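Where a number appears in this text, it was derived from the coordinates with a stated rule and is not lab data. Model, not experiment: these values are computed from the prediction. Using ideal geometry, Cβ is built from the backbone for each residue, glycine included, and neighbour counts are taken over all protein chains shown.
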Ligand code: AMP
């Protein structure tokens, strides 16, 4: 799942992964977990994440490899938030080749910048399971409480408007160019609009996945 911050990658990936029956592997979630746990890795990553900047490729690749080595990822996975730079894409490409595997689909979600900023400004994230809500668009049943696990809902530090704009700049400069790399390498990129109602967007994604599978 590919796209700028606020485009809905996390929300849709979570649901799609559960439907397909593969683990949802979000590098942002893995980082937030290590930060919460106060691990060595979390301490290194915290400053970058807080400023809305990308964490180094070496660290990210290490984190991703450790996750993909888990038994539940052997038959497939849905990547959310990786790759985010050309070097990360190159590493992933080489690893897939080495294992004689391929990506079934690259779902590239997009929406205008002001839509992204607006969505993130109203976003609340569960401290425990990381499910996301939006005060205006899809609020939780009980204010401040996660519908799924009962955890506390908070605004992510990097969802403050200034940091959101920095994250979008990072995306434009370092992540968007990966789409050309994917195309050069004949990865099955599908462009999906993330403007509209959440159900409608999810339907578009499902159609794109089904079209790719045929
Ligand atoms: P996300 O939850 O995907 O919005 O990611 C939150 C933050 O984690 C990003 O703004 C980056 O600071 C960091 N991050 C997540 N994935 C990556 C990645 N693949 N490469 C570098 N930094 C990442």
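Taking a temperature of 10 °C and a viscosity of 1.306 mPa s, what whole-number D in µm²/s does Stokes-Einstein yield for the range 79-203 with Rh from Kirkwood over alpha carbon pairs?
Reported coefficient: 96 µm²/s.
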Review point. What's the center-to-center distance, using Cα atoms, between the range 169-200 and the range 118-149 in Å?
Key: 25 Å
Practice item. Beyond 17 Å, what share of the Cα-Cα pairs of the range 125-167 is found? Please give it as a whole percent. Key: 33 percent
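Please arrange 132, 66 by how many other C-beta atoms lie within 10 Å of their C-beta, fewest to most. Display every interim value, and only then the final one.
Details: 132 19, 66 11.
The order, fewest Cβ neighbours first, is 66, 132.
Taking Cα atoms of the range 24-102, Rg/Rh with Kirkwood Rh, to two decimals?
Working: Rg = 12.8 Å, Rh = 13.2 Å.
Taking Rh as the inverse mean 1/r over Cα pairs, Rg/Rh reads 0.97.
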**Study point:** Relative frequency of Cα-Cα separations exceeding 20 Å in the chain, percent
**Key:** 58 percent
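To the nearest whole percent, what portion of all C-alpha pairs in the range 151-214 is separated by more than 18 angstrom?
Value for the range 151-214: 62 percent of Cα pairs lie more than 18 Å apart.
For residue 18 and residue 62, what is the calculated FRET efficiency with R₀ set at 25 Å and r taken between the beta-carbons, to the nearest 0.05?
My answer for the efficiency is 0.40.
When DSSP beta bridges are limited to those with both residues in the chain, what percentage is antiparallel, rounded to the nearest 5?
Details: 7 of 16 bridges.
Roughly 45 percent of the DSSP beta bridges within the chain come out antiparallel.
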